[in-house]
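Below is one structure; the comments refer to it alone.
The values are calculated or read from the model by the stated rules, or taken from the named source; none is laboratory data. Note that the coordinates shown come from a computational prediction; the quantities given were computed from them, not determined experimentally. In this analysis, Cβ positions are derived from the backbone assuming ideal geometry, glycine residues included, and neighbour counts consider all displayed protein chains.
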Amino acid sequence: MHSGDITIETVTKIEGGATVEAKVENGQVKNLKFIIHDYRRFYTKAVVDKPFVAVPSFLSRICGTCSVSHLFAALKAIENSQEIEVSEQTKILRQLAYDALMIRDHTLHNYFFVLPDILGLDSILDIPENHDDLGHQLLHDSFDIKQLGTDLSTAIIGAAIHAPLPTVGGFNKLPDESQFPALIDRLEKIREQVIRGVKVFYDWRADFKRNSDYIAIRGKNGFNFLEGNITISNGKTYDPQHFRDFLETVVIPYSHSEGYKIKELNEDYLVGSLARLNLNLDQLHPRTKKDLKSFLNYFPSDNIYDQDLAQQVETLHCVDDAIDILKSLKIIPETPVKKAPQLGVGVGAVEAPRGTLYHKAEVNEQGIISNYDVIVPTAQNQINIENDLKQYFNDHIDKSEEELKFEAEKIIRCYDPCMSCATNFLKLKWIKK
Amino acid sequence: MSDPNPPKMVIGWFSFTGCEGCTIHLSELLNKNFDAWIKLVEIRYCKTLKTKNSMEGLDIAFIEGALSSQEHFDKMQKIRDNSKYVIAVGSCAVSGRPSSSRNDFGPDKIDDRIKSYFERFDYAPKVKKIDEVVKVDDYIQGCPMLADQFINALTKYLKIFKLV
């Protein structure tokens, strides 16, 4: 057994930087800190005193990979504050763009970050250049799937990262329908590659269970990332406009981000794909359900590693949902809904790829932002991650330092965390006495 | 027989304060370019893609994001010392913005919540763009970085290193 301070610096396949500090005494973890190590940019303060119309595009810059989630959450928050009701076409186009986001973002996480763990490699860069190799095939599947997600995003909202076309009340420019048939063809063809990935993540039976409390949006009429009520795994549902009624903020002195608990349970909880499938499995697209019939039996699941499988299942759901939308969509010319500014407060809640995201906008009579609040999924998962690691270390305290570090990183990676800011290291500071 | 270890341009990819949208854009450019680039380029440091990283002996360091703290300034200097060329990638690295938004805050905007972060962590008084801290050899504009400018820069340096 080691004694004294041990610092292991490991660069991790996650977005942003995090540190883990563990203090072990007599074979028990006395103290474990999961620290989000990004420097804040104070964007919610930067938007104060700015006209609301400029804010969604600015706030999409909170995050490169889930940029579209922040964009849409901000649009919804501001539209709710202004009582702007967008058209059905706007809602459908946002749903389609969101399918594209999920296809690209889940594939980045599952293949670029997790797949090396399955293959026993350090990185996708180490996958052999051999066409018969499964890793090689999967990597090239991921290029095709991601590219299609990006191309679909570009066709609908102008870009996959920091998209220029969506605006308060609708779209600056509507998509060109003539692109749809080729996109439908490519989505049909990609299904086989996505399903190949489902099999890989289904067969990877890594296992870690601890928590069983989940929160996700549940659509009123089927699976929905953008509209619905907040559902908690104890059966309660809430209007997202009142998120402060069920979420309790926990200040974590050593982290650059606040954490959250479910108020009435005083419990940590998990948001993300696993939470969504545990709560909304019945709402998946019928074609997804049919073709994945033999791969859905693990859900509902408390195994954190099933988050990867859940993301892959959602990818197919989004492919199937996008095909349906593109087949039935006839673009009607329209301009964004416009209204004179009014005093108001609005919340926009969406499911980002890695969990529920809340934006809250307070706007004055002149249409100027007076206050803004954002709660991101990774901040919500922070306490859950910390408690998972604590349990994992206690259960496996006799394993080698190297193995503990590797497994801890794998568990963190399951959450698909997105610190979205400065890229520091995951430092595992392990103090054993 | 082809050389089993052909010479490659050794690059590092570093992210400071920003949204990592340029990294995400890079991951998208890999969709169509991975097979060609992997033959010409060794990615020696990129924490988004690999666990075992080294910043020793870099031909080029690509820098995304702005610099928020003394720790960042020191790390940036270390990267500069280890690299033949440094390229600032994307708006935050090139101009500081939008990551440097807090530089514009008047005293009225520095509330107790912000003060508590300033007190607990080593935030520098001002967020800096890369060339305020080290010499920068090239700039790739855009938010996120413009794909054409990135590909042009990569090609330019592959020529300098006589790999194309």
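Here's a check for you: in segment A:157-169, which residue that is buried (at least 17 other Cβ atoms within 10 Å of the Cβ) and touching a Lys or Arg at 6+ places or on another chain (Cβ under 9 Å) is farthest from the other protein chains (Cβ to nearest Cβ)? Among those residues, the one meeting the criterion is A:Gly169.
A:Asn371 meets each of the listed conditions (1) in a helix (DSSP H, G or I); (2) surrounded by fewer than 21 Cβ atoms within 10 Å (Cβ to Cβ); (3) modelled with pLDDT of 90 or more apart from (1). Scanning segment A:233-278 for residues that are within 19 Å of A:Val376 (Cβ to Cβ), among the polar types (S, T, N, Q) and either free of Cβ contacts under 8 Å to residues at least 60 places away in the same chain or touching a Phe, Trp or Tyr at 6+ places or on another chain (Cβ under 7 Å) (or both) yields a total of 1. Could you run through segment B:35-44 and say how many residues are at the interface with chain A (Cβ under 8 Å from one of its Cβ atoms) and crowded, with 18+ Cβ neighbours inside 10 Å? So the count comes out to 1.
Among the residues of segment A:12-31, what is the count of those that are within 14 Å of another protein chain (Cβ to nearest Cβ), part of a strand (DSSP E or B) and in contact with a helix residue (DSSP H, G or I) (Cβ under 9 Å, 6 or more places away or on another chain)? Outline the logic, then answer.
We begin by selecting, within segment A:12-31, every residue within 14 Å of another protein chain (Cβ to nearest Cβ); these are A:12-19.
If we keep only those that are part of a strand (DSSP E or B) as well, we get A:15, A:18-19.
Retained after the next criterion (residues that are in contact with a helix residue (DSSP H, G or I) (Cβ under 9 Å, 6 or more places away or on another chain)): A:15, A:18.
The qualifying residues number 2.
Filtering segment A:32-71 to residues that are more than 7 Å from chain B (Cβ to nearest Cβ), hydrophobic (A, V, I, L, M, F, W, C) and farther than 23 Å from A:Asn364 by Cβ leaves A:Leu32, A:Phe34, A:Ile35, A:Ile36, A:Cys66, A:Val68. Checking each residue in segment A:173-204 for being among the charged types (D, E, K, R) and touching a residue at least 12 places away in the same chain (Cβ under 8 Å) picks out A:Lys173, A:Asp176, A:Glu177, A:Arg186, A:Glu188, A:Arg191, A:Arg196, A:Lys199. Applying the set (1) in a helix (DSSP H, G or I); (2) loosely packed, with under 14 Cβ neighbours inside 10 Å; (3) not aromatic (Phe, Trp, Tyr) to A:Ile195 leaves exactly one unmet item: (2).
Determine, yes or no, whether B:Arg97 is part of a helix (DSSP H, G or I) and either more than 10 Å from chain A (Cβ to nearest Cβ) or in contact with a helix residue (DSSP H, G or I) (Cβ under 7 Å, 6 or more places away or on another chain) (or both).
For B:Arg97, the condition - part of a helix (DSSP H, G or I) and either more than 10 Å from chain A (Cβ to nearest Cβ) or in contact with a helix residue (DSSP H, G or I) (Cβ under 7 Å, 6 or more places away or on another chain) (or both) - is not met.
If you go through segment A:137-154 and keep only what is more than 9 Å from every other protein chain (Cβ to nearest Cβ) and over 13 Å from A:Tyr111 (Cβ atoms), you end up with A:Leu148, A:Asp151, A:Leu152, A:Ser153, A:Thr154. Close Cβ contacts (under 7 Å, 6 or more residues apart or on different chains) running from residues in segment B:124-137 that are basic (Lys, Arg) to residues that are part of a loop (DSSP other than H, G, I, E, B) comprise B:Lys128/B:Gly96; B:Lys129/B:Gly96.
A quick yes/no check of all residues on (1) touching a helix residue (DSSP H, G or I) at 6+ places or on another chain (Cβ under 8 Å); (2) within 29 Å of B:Ser101 (Cβ to Cβ); (3) outside any helix (DSSP H, G or I); (4) β-branched (Val, Ile, Thr):
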position	(1), (2), (3), (4)
B:Cys22	yes, yes, no, no
B:His25	yes, yes, no, no
B:Leu30	yes, no, no, no
B:Phe34	yes, no, no, no
B:Lys39	no, no, no, no
B:Glu42	no, no, yes, no
B:Asn53	no, no, yes, no
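Helices (runs of 4 or more DSSP H) fully within segment A:247-334 that include at least 3 residues being in contact with a Ser or Thr (Cβ under 9 Å, 6 or more places away or on another chain): A:273-280, A:306-328. Only a single criterion out of (1) assigned to a strand (DSSP E or B); (2) modelled with pLDDT of 90 or more is not satisfied by A:Ile431, namely (2). Of everything listed in (1) in contact with a helix residue (DSSP H, G or I) (Cβ under 8 Å, 6 or more places away or on another chain); (2) among the hydrophobic types (A, V, I, L, M, F, W, C); (3) within 12 Å of chain A (Cβ to nearest Cβ), the single unmet condition for B:Ile11 is (1).
With respect to B:Lys75, determine if the residue is at the interface with chain A (Cβ under 10 Å from one of its Cβ atoms) and part of a helix (DSSP H, G or I).
Working: at the interface with chain A (Cβ under 10 Å from one of its Cβ atoms): yes; part of a helix (DSSP H, G or I): yes.
Criteria met by B:Lys75.
The set of residues from segment B:1-59 being without any contact (Cβ under 8 Å) to a residue 60 or more places away in the chain and hydroxyl-bearing (Ser, Thr, Tyr) comprises B:Ser2, B:Ser15, B:Thr23, B:Ser27, B:Tyr45, B:Thr48, B:Thr51, B:Ser54.
Cβ-Cβ distances below 8 Å connect the following pairs, each with a first residue in segment A:100-129 that is within 11 Å of chain B (Cβ to nearest Cβ), a second residue that is buried (at least 19 other Cβ atoms within 10 Å of the Cβ) and among the aromatic types (Phe, Trp, Tyr), and a separation of six or more residues or different chains: A:Ile124/A:Tyr111; A:Ile124/A:Phe112. Scanning segment B:105-152 for residues that are at pLDDT below 95 and assigned to a loop (DSSP other than H, G, I, E, B) gives B:Phe105, B:Gly106, B:Ile110, B:Asp111, B:Phe121, B:Asp122.
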